[in-house]
1. Give the dimensionless ratio obtained when the Cα radius of gyration of segment 213-292 is divided by 2.2 N^0.38 Å.
2. Count neighbours as other Cβ atoms within 10 Å of each site's Cβ, and list the GluC sites (Glu not before Pro) in segment 222-293 that are DSSP loop with at most 14 such neighbours.
3. In terms of modelled amide H atoms, which long-range or inter-chain residues lie less than 5 Å from the amide H of Phe283?
4. Count the net charge of all other residues whose Cβ sits under 11 Å from the Cβ of Arg12, scoring Lys and Arg as +1 and Asp and Glu as -1.
5. Spelling out what I want: for every residue of segment 33-41, take phi, set θ = phi - 60°, compute 6.51 cos²θ - 1.76 cosθ + 1.60 (Karplus), and round to whole Hz; glycine and proline get x.
6. In whole Hz, what ³J(HN,Hα) sequence does segment 114-128 give by Karplus (6.51, -1.76, 1.60; θ = phi - 60°), x for Gly and Pro?
7. If the viscosity is 1.306 mPa s and the temperature 10 °C, what translational diffusion coefficient in µm²/s does Stokes-Einstein give for segment 5-76 when Rh comes from Kirkwood over Cα pairs?
8. Counting other Cβ atoms within 10 Å, keep those with at most 14, restrict to DSSP loop, and tell me which GluC sites (Glu not before Pro) in segment 1-80 are left.
Amino acid sequence: MTVHEQADDLVRTRELLGSQLKSARQQKTLSIAEIASRLMLDQRVIEGLEAGDYSGLPETTFVRGYLQAYLRLLGKPESLLAEFDAANQCEYPIVLTETSAMRSASSGDAWVRFTSIGLAVLLLVAVGLWISEQSLQAPDDMVADSRFVTTADEDAQTVDAGVASGAPAAVGQADEAQHTTAQQDGAADSAQSSPRADEAESVVAQKKPDNELILRFSGSSWIRIMDGDGVKLAAGTYENGQELALRGVLPYSVILGNSAAVKIQFLGKEIGESFKPGKVARFTLGKNGLQYQ
């Protein structure tokens, strides 16, 4: 038998076996999709087996396993594979069980699924860690502005410096106090002769309301506080035991990291009982009190 005759015989054998499978499937009123689902194969594999076209299928050994599983599913004898073996010159045909055939087809898909799931889990963990770090770290631009911040430690240093100056400084201060008293007596006489001065001072006092904002820290926290004119009143990281007393133009724009570690007193009232540990709080303070952003 020539090479061309062998090729023709191989094509006829494949087409004949495929038509038998298709006929048996149709008799059982099964669709290609149902067969592919039961055998855990792609529909294109079933279509290729029934058409006798193996060009898009793997090696002959796997094709024989697909055919064997297909015949078993349809209840057809496996003796129909004899001509297939002869045409493919399989002197010792390899018998594949239905389970092994299905595993061969699905092992690649399972590996891809497991790899995709693993990468997705790692991505979610990395995003969660990044968000956690951002909520606990202060922004890079938060550097304390010493022009507007007065801490309890600085007040203590000022008092110590005054005490260390000694008695001579105290004598000089006494002379200055006497001179100041004399100036105040003269100013009082002038004020009595000019009633409008008292009225002017009263108007000035009314235009300068007490907008004092006090922050007390019970743990590490970074903050940034801007007043209504855009002036940065405070920015930086503060630790347990520190205290700030700030004044500016309302409303104040406040950002607190680890907000539960900060106690706020504004307009004589304590606020911020709802702050949560480790969370960032953003809000404004004005005449109407606290308003979350």
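The numbers here are math on the coordinates, done by the rules we state, and not lab data. Here the structure is a predicted model, which is why all the values come from computation and not from measurement. Every residue, glycine among them, receives a Cβ derived from its backbone with ideal geometry; neighbour counts consider all protein chains shown.
1. Working: Rg = 11.3 Å, N = 80, 2.2 N^0.38 = 11.6 Å.
After normalising by residue count via 2.2 N^0.38 Å, the value is 0.97.
2. Details: sites: Glu239, Glu243, Glu270, Glu273; in loops: Glu239, Glu273.
The qualifying sites are Glu239, Glu273.
3. Val254, Gln293
4. Values: positive: Arg14; negative: Glu5, Asp8, Asp9, Glu15, Glu83.
Once positives and negatives cancel, what remains is -4.
5. 5, 5, 5, 4, 5, 5, 8, 6, 10
6. So the J values, rounded to whole Hz, are 4, 5, 5, 5, x, 5, 5, 5, 4, 5, 5, 5, 5, 5, x.
7. Numbers: Rh = 12.3 Å.
Reported coefficient: 130 µm²/s.
8. Numbers: sites: Glu5, Glu15, Glu34, Glu47, Glu50, Glu59, Glu78; in loops: Glu59.
For GluC sites (Glu not before Pro) across segment 1-80 that sit outside H, G, I, E and B with at most 14 neighbouring Cβ atoms in 10 Å, the list reads Glu59.
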